[in-house]
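Okay, so here's the structure we're looking at.
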C-alpha cells in the first residue's frame with residue numbers, strides 16, 4: 001500500500017469523462033508546478049500503434065478506429081492492466097501529474113481531482129474539437145462512455161463517473177471556461193502543495 005505521509009514528492013491524479021477538459025488541465029498544472037505530465041490515454045495509444053492502429057490527437061478516441069481499439073481492449077484487458085501497472089510505478093516516483101481514468105481508484109495516495117460537466121456540454125465540446133455534428137458527437141460519446149464504464153467495472157470493480165469517493169476535489173466545469181477551471185484548481189493545489197512540502201500527514205480537505 002502507498003501511504004500519503006511517505007510521499008514528499010507530489011502526485012496529482014486527474015480524471016473526468018470525455019469532454020470535461022482533463023488533459024488540458026493536467027498539462028497546465030504540470031507546467032505551472034514544474035511536474036512531469038503523464039497520460040494514461042497516450043500510453044494506451046502507444047500500445048494501439050504497436051498493433052498497427054494509427055492514433056492521432058485527442059479526437060482519435062471518437063473515430064471508428066479508436067472505438068474499435070476500445071472493443072479490442074474489452075476482449076483483452078491485459079492492455080489496460082499493463083498501462084495501469086506502469087502508471088502505478090510512475091506515481092510511486094512522484095513529482096507527476098497523471099491524467100487517467102483508473103488511477104484515482106487504483107492508487108492509494110496523491111491528490112485526486114474529478115472534472116464534471118453535463119452530457120450535452122461534453123457532446124458540444126467534442127463536436128467542436130472533432131469537427132463533427134452535435135448529434136454524431138453525442139452518439140459516439142454515449143457509446144464510448146458505456147463501453148469504458150463496462151471495461152473498468154469488469155476489470156477493477158469500480159463505477160467510472162458514478163463512484164466519486166476517491167476524490168479530494170470535484171469541479172463542475174459546466175459554466176466555467178478553461179481559465180476559470182485553472183484558477184479554482186490552482187487555489188486548492190497551492191495550499192495542498194505547500195502543506196505537502198511541510199510534511200503534512202493529512203490531505204483530506206475537499
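A few notes on this one:
- Remark: 145, 190, 80, 179 ranked as 179, 190, 145, 80, counting other beta-carbon atoms within 10 Å and listing the fewest first.
- Mean Cα-pair separation over length for the range 79-157, i.e. relative contact order, pairs under 8 Å, 6 or more apart, %: 17
- Measuring nothing but how far apart in sequence close Cα pairs (under 8 Å, 6+ apart) lie, relative to its length, the chain scores a relative contact order of 34 percent.
- Label-point gap, in nm, between residue 121 and residue 155 - each point 7 angstrom along Cα→Cβ: 2.7
- Degrees, to the nearest 10: 178-197 long Cα axis against longest axis of the chain: 40
- For the range 7-118, the square roots of the Cα gyration tensor eigenvalues, ordered a ≥ b ≥ c, give a/c of at least 1.5 with a/b greater than b/c, which places it in the prolate category.
- Cα gyration tensor, the range 88-186 - rounded (a/c under 1.5), prolate or oblate: oblate
- Helix-derived mean residue ellipticity, 222 nm - over the chain, DSSP H n ≥ 4, -39500 (n - 2.57), to 500: -17000 deg cm²/dmol
- Tensor-based shape of the range 9-197 (alpha-carbon gyration tensor, a/c under 1.5 rounded, otherwise prolate or oblate): oblate
- Rounded to 10°, Cα long-axis angle of helix 64-75 versus longest principal axis of the chain: 70
- The relative contact order of the range 86-206 comes to 29 percent, based on Cα pairs under 8 Å that sit 6 or more residues apart.
- Which of 47, 141 has the fewest Cβ neighbours within 10 Å, and the rest in rising order: 47, 141
- The gain in end-to-end length when the residue 183 to residue 42 segment is fully stretched comes to 48.2 nm, 0.36 nm per residue minus the alpha carbon separation.
- Order of 107, 192 under a 10 Å beta carbon neighbour criterion, fewest first: 192, 107
Bear in mind these aren't lab numbers, they're just calculated from the coordinates by the rules spelled out. Small disclaimer: the values here were computed from a predicted structure and weren't measured. Neighbour counts run over all protein chains shown; Cβ positions are idealised from the backbone, glycine included.
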